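Every number here is computed from the coordinates shown, using simple stated rules; none is lab data. None of these values were measured; they are calculated from a predicted model. Cβ placement follows ideal geometry from the backbone for every residue including glycine, while neighbour counts extend to all protein chains displayed.
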Number of protein chains: 2
Amino acid sequence: MVTLAEVAQHAGVSASTVSYVLSGKRSISATTRRRVEESIRRLGYHPNAGARALASSRSNVIALMIPLRTDMYVPVMMEIAIAVATTARTHGYDVLLLTGEEGPDAVRRVVGSGLADGMILMDVELEDERLPLLRGDGRPSVLIGLPADTTGLTCVDLDFRATGALCVEHLAALGHRDVAVIGEAPAVYERHTGFAERTLDGLRSQARDSGVRLLHRPCEGGYATMAVTLARILDERPGTTAFVVQNESAVEPLLALLRQQGRAVPEDVSVVAICPEQVAVQASVRLTSVVIPAQEMGRYAVEHLVAKLDGRGDEEVVLIAPELTVRASSGPAPARA
Amino acid sequence: MVTLAEVAQHAGVSASTVSYVLSGKRSISATTRRRVEESIRRLGYHPNAGARALASSRSNVIALMIPLRTDMYVPVMMEIAIAVATTARTHGYDVLLLTGEEGPDAVRRVVGSGLADGMILMDVELEDERLPLLRGDGRPSVLIGLPADTTGLTCVDLDFRATGALCVEHLAALGHRDVAVIGEAPAVYERHTGFAERTLDGLRSQARDSGVRLLHRPCEGGYATMAVTLARILDERPGTTAFVVQNESAVEPLLALLRQQGRAVPEDVSVVAICPEQVAVQASVRLTSVVIPAQEMGRYAVEHLVAKLDGRGDEEVVLIAPELTVRASSGPAPARA
DNA sequence: CTGAAAGCGCTAACAC
DNA sequence: GTGTTAGCGCTTTCAG
């Protein structure tokens with residue numbers, strides 16, 4: 001293993017000079033710099049991460065906590081994780097992957113050990129038990145998602161409230177008066193994951209404003225459950241002419257079932273989805289949708305965290321404005337029977 | 001920040017004693033141990049990761065390199081990643097997440113800096129440019145996937161050759177003589193990702209042995225492309241009575257299209273999928289399938305890597321035997337026309 | 001613009 | 001069964 005001292009010797013300079021060449025924290029003559037850089041290359045030197053962390057009390061690692069559950073919005077999470085990892089690299093950070101499993105202990109461990117300089121948490125619940133640890137003094141953190149109380153926290157998320165409103169607004173404008181909402185699995189609501197409830201808020205309040213009747217039903221993914229849910233909805237509200245779907249694994253089943261029942265999309269019923277772009281585009285009907293900006297959220301989260309780590313801190317809640325893209329699944333409400 | 005020295009002082013023992021209580025590398029009297037543990041708790045001590053890594057030249061971190069592409073088998077990768085992370089924790093390791101983006105440089109960086117003690121690589125190509133770095137001396141590594149030449153490497157993967165064979169065998173036994181294979185996207189084959197080619201091998205050789213005619217077509221996910229692919233297949237081989245699908249995002253489109261064309265599954269055509277269990281179970285028809293054992297692969301990979309790190313090394317290729325689960329999508333071939 | 005040297009917090013001989 | 005101590009490789013004052 002090549003050490004900084006060896007590089008120094010090889011280049012005929014002192015250790016500190018090599019260190020400063022690396023960090024750029026003081027000016028170095030062009031000649032010296034070149035000699036040192038040459039030695040570094042020749043010897044294949046890589047600074048030792050542990051030593052560096054010990055001496056500087058910075059690990060250049062950020063921790064990313066992802067939920068354990070693989071049952072929900074998996075592609076979104078993956079996309080976020082990848083965006084976080086690549087963005088982090090461009091800022092000189094590596095990413096430590098933590099699963100929610102350990103809960104608050106993981107936060108304590110990582111922060112306490114100096115394994116990471118800061119952390120990004122996904123899948124935040126409204127009353128998340130990890131929040132107290134983040135609020136106080138601890139290391140900087142950024143949440144992807146919005147808890148009930150955001151004081152002292154930095155959060156990034158899609159504005160799900162506005163998203164819900166936007167969906168209803170779109171449908172109302174097309175003349176729909178009876179809208180059904182296919183939501184996430186019941187467990188998601190029970191767990192009080194913020195985004196689901198906020199979407200619902202947005203849907204409801206806009207529905208009130210637009211004179212739209214709303215029926216909300218959580219739904220596990222898959223055909224079997226979707227079939228039951230749909231039957232129930234059409235039973236309770238036979239006049240339903242539009243659906244808002246916030247559940248990736250319910251999208252395709254819904255479309256198939258509608259088709260089977262001879263309900264044409266968008267002539268007889270409209271469908272608006274809240275989902276990643278790929279899902280919207282690859283579905284059997286190109287879906288009018290509000291896209292979940294996974295990459296953007298990941299990038300944002302890292303950039304805010306890095307800013308905080310650099311002392312350019314700012315406690316702030318960033319809500320990304322939703323954008324509704326009209327595709328082939330939504331159209332004017334059919335004439336009343 | 002609480003240091004080991006402070007714990008030692010608080011407990012009235014020496015630093016080394018605290019260290020040994022923590023590592024268990026020498027015997028400690030029950031009394032001392034209790035006193036130390038109490039002090040650790042009371043002071044909220046967490047060993048500093050950097051210092052520990054520096055002194056012991058072990059970081060207790062393993063690196064996981066995942067592919068950048070989010071277009072392919074995303075849920076599988078996510079499942080593997082999570083299995084890796086949780087298994088690693090049970091062995092006292094944390095996981096560093098690397099994207100394939102940096103390529104071989106990432107390997108050099110991580111290994112050279114001692115950031116991680118070993119690494120797990122996913123999405124290995126047949127002639128992967130990272131392999132030379134892993135083969136030689138370097139830190140221990142485990143591949144998930146199988147390159148062309150495995151000498152000096154440890155690999156874990158589903159036995160895709162056997163998987164292909166198993167699918168054909170199943171269909172042949174049911175009397176099918178014309179089988180079409182819906183494969184991964186063309187890019188996957190062009191990139192020479194091993195698993196796709198090995199599956200094809202298995203399919204083909206078993207087809208020869210069983211007197212089955214095989215037609216293989218790569219396919220991007222989604223409805224539009226699947227429709228084109230299917231039309232072409234039925235045009236070339238109108239007698240096709242069975243499909244093997246190895247492409248998650250083609251499964252549902254295929255089923256929907258067959259339905260639209262009035263071909264009943266499994267009465268008119270059989271479908272066998274190679275996919276994660278969830279996909280097989282949640283599809284519109286419960287699919288006869290060979291499951292991709294993502295969790296098992298992740299777990300295995302970590303356990304082998306940890307074994308290597310502990311000196312219980314073993315260069316070895318582990319191929320997990322495929323298991324075909326018969327569900328509702330396969331049945332006897334229809335009587336010949 | 002460059003050197004010298006004091007730690008950072010922990011591990012692992014080496015002593016007893 | 002426990003204490004002492006010499007580093008691990010780097011960063012960062014303090015000097016010049």
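Some observations on this one:
- Sorted from nearest, the other copies put their residue B:186 label points 4.8 nm away, the label point being 7 Å from Cα in the direction of Cβ.
- Distance between the 7 Å Cα→Cβ label points at residue B:22 and residue B:187: 4.6 nm.
- Net dipole in debye of the protein assembly as shown [+1 Lys, Arg Cβ; -1 Asp, Glu Cβ; about Cα centre; nearest 20]: 1080
- For trypsin sites (Lys or Arg not before Pro), the sites in the range B:272-317 that DSSP calls loop and that have at most 13 other Cβ atoms within 10 Å are B:312.
- Ratio of Rg to Rh over the range A:151-253 (Cα coordinates, Kirkwood Rh, two decimals): 0.99
- Value of D in µm² per second that Stokes-Einstein yields for the protein assembly as shown, Kirkwood Rh from Cα pairs, at 10 °C (1.306 mPa s): 58
- The distance linking the range A:258-302 with the range B:1-23 is 57 Å (Cα centroid to Cα centroid, whole angstrom).
- Partners for residue B:308 among aspartates and glutamates (Cα-Cα distance below 15 Å; same-chain residues under 8 apart left out): B:117, B:137, B:316
- Pairwise centroid distance, computed over Cα atoms, of the range B:307-326 with the range B:99-162, Å: 15
- Sparse-neighbour loop sites [trypsin sites (Lys or Arg not before Pro); the range B:1-107; at most 10 other C-beta within 10 Å; DSSP]: B:25, B:26
- If the chain linking residue B:318 and residue B:205 were pulled fully straight, counting 0.36 nm for each residue of separation and taking away their Cα-Cα distance, it would gain 38.5 nm.
- Contour minus Cα-Cα distance for residue B:90 and residue B:150 (0.36 nm per residue): 18.8 nm
- Positive-end residue, the protein assembly as shown charge dipole about Cα centroid, Cβ charges, pick of A:84, A:257, B:246: A:84
- The range B:41-113: C-alpha pair distances exceeding 21 Å, %: 42
- Of the residues A:74, B:110, the one with the fewest other Cβ atoms within 10 Å heads the list, and the complete ranking is A:74, B:110.
- Quarter the surface of the alpha carbon convex hull of the range B:197-262 and you get the mean projected area, 4.6 square nanometres.
- Between copies, the label points at residue A:310 (set 7 angstrom from Cα along Cα-to-Cβ) are spaced 4.4 nm, reported in nanometres from shortest to longest.
- Number of partner chain Cβ atoms within 10 Å, mean per residue of B:40-50: 5
- The Cα-based radius of gyration of the range A:51-209, divided by its Kirkwood radius, gives an Rg/Rh of 1.06.
- Dividing the radius of gyration of the alpha carbons in the range A:277-337 by their Kirkwood radius gives 1.25 for Rg/Rh.
- Compared with the alpha-carbon gap, the fully stretched path from residue A:57 to residue A:5 is longer by 16.7 nm at 0.36 nm per residue.
- Stokes-Einstein D for the range A:198-337, Kirkwood Rh over Cα pairs, 10 °C, 1.306 mPa s (µm²/s): 94
- Highest mean packing comes first when the peptides A:175-183, A:233-241 are listed by Cβ atoms within 10 Å, giving A:175-183, A:233-241.
- Ranking B:43, B:1, B:31 by Cα position along the charge dipole of the range B:1-95, where only Lys, Arg, Asp and Glu carry charges on their C-beta atoms, puts B:31 farthest toward the positive end.
- Between the amide H of residue A:216 and those of A:181, distances stay under 5 Å, these residues lying 5 or more places away or on another chain, with hydrogens modeled in the peptide plane.
- Dividing the Cα radius of gyration of the range B:122-191 by 2.2 N^0.38 Å, with N the residue count, gives 1.47.
- Taking the alpha carbon gyration tensor of chain B, multiplying each eigenvalue by 5 and rooting it gives semi-axes of 51, 20, 17 Å, largest first.
- Shortest-first nm distances, residue B:37 label point to equivalent points in other copies (7 Å, Cα→Cβ): 5.5
- When the Gaussian network model of chain A links Cα atoms closer than 10 Å, the mean-square fluctuations of A:50, A:164, A:202 top out at A:50.
- Mean Kyte hydropathy of 0.5 or more with a Cα span along the axis of at least 15 Å, helices from DSSP in chain B: B:74-90, B:160-173, B:223-236
- Calculated SAXS-style log₁₀ I(q)/I(0) at q = 0.12 Å⁻¹ - the range B:10-144, Debye, Cα scatterers: -0.61
- A crude spin-label estimate for the pair residue A:259 and residue A:231, with each label 7 Å from Cα along the Cβ direction, gives 2.1 nm.
- Each Lys or Arg adds one and each Asp or Glu subtracts one; over the other residues with Cβ under 13 Å from the Cβ of residue A:280, this totals -2.
- Shielding value for B:109-115 is 6, the average number of Cβ atoms from other chains within 10 Å of each residue's Cβ.
- With kT/(6 pi eta Rh) evaluated at 37 °C and eta = 0.692 mPa s, and Rh the Kirkwood radius from Cα pairs, the range B:1-66 diffuses with a coefficient of 258 µm²/s according to Stokes-Einstein.
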